[in-house]
Amino acid sequence: VLGYNICRWITHLLPPKETIMIELIEGCNWQDRIVVYLLVKHILSDGHSISIWNGDPEEPEIDKSTDMSEIFKASTAADEDVFAIHNNEGKKLGWFYLIYCNGSAIKGAQEPMMVINDHANNAYCNKLYQKLEYGEGLGGH
């Protein structure tokens with residue numbers, strides 16, 4: 001299970017380019033950054049796009065983006081985000097509700113997955129959550 005110790009030395013497993021991408025995620029702790037990085041990486045590698053809602057109910061911060069850098073810069077602009085996932089036809093596939101610094105770095109808890117407060121209960125989001133929970137996409141996984 002993806003845990004605190006993995007997050008402490010994760011940057012040693014990743015190529016420098018990926019470490020730089022993680023550093024674009026500001027406004028949260030390293031445990032949250034790793035989970036957000038993997039979430040975005042999996043969604044984009046599946047050929048989908050992300051819209052980020054972080055407070056304005058009328059308009060997303062970014063809409064249906066596939067640009068990892070843009071997504072990371074827009075994420076964590078507030079204390080919480082909703083990542084809406086869309087397929088290449090624009091159909092919404094699901095969502096993840098993220099709350100940053102939600103206890104993931106509290107001594108004793110140290111559970112990086114706490115950043116994901118909720119997600120759509122469907123096959124795609126459940127499978128994606130499971131991949132994140134087991135650290136798929138890290139190093140040789």
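The values are calculated or read from the model by the stated rules, or taken from the named source; none is laboratory data. Because the structure is predicted, anything quoted here is derived from the model rather than measured. All Cβ positions, glycine included, derive from the backbone under ideal geometry; neighbour counts span all protein chains shown. Side chains included, ligands, DNA and RNA excluded: accessible areas come from the protein's heavy atoms. Shrake-Rupley method; radii C 1.70, N 1.55, O 1.52, S 1.80 Å.
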Check: Residues in segment 24-68 that are open to solvent by 40 Å² or more (accessible area, probe 1.4 Å), at pLDDT 95 or above and in contact with a strand residue (DSSP E or B) (Cβ under 6 Å, 6 or more places away or on another chain): how many?
Finding: 3
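So which residues in segment 69-95 are open to solvent by 50 Å² or more (accessible area, probe 1.4 Å) and either of a type in the set (A, V, I, L, M) or over 15 Å from the mean Cα position of the chain (by Cα) (or both)?
Kept after step one, since they are open to solvent by 50 Å² or more (accessible area, probe 1.4 Å), are these residues of segment 69-95: 70, 73, 77, 79-80, 88-89, 91-92, 95.
Within segment 69-95, Ala77, Asn88, Glu89, Lys91, Lys92 qualify.
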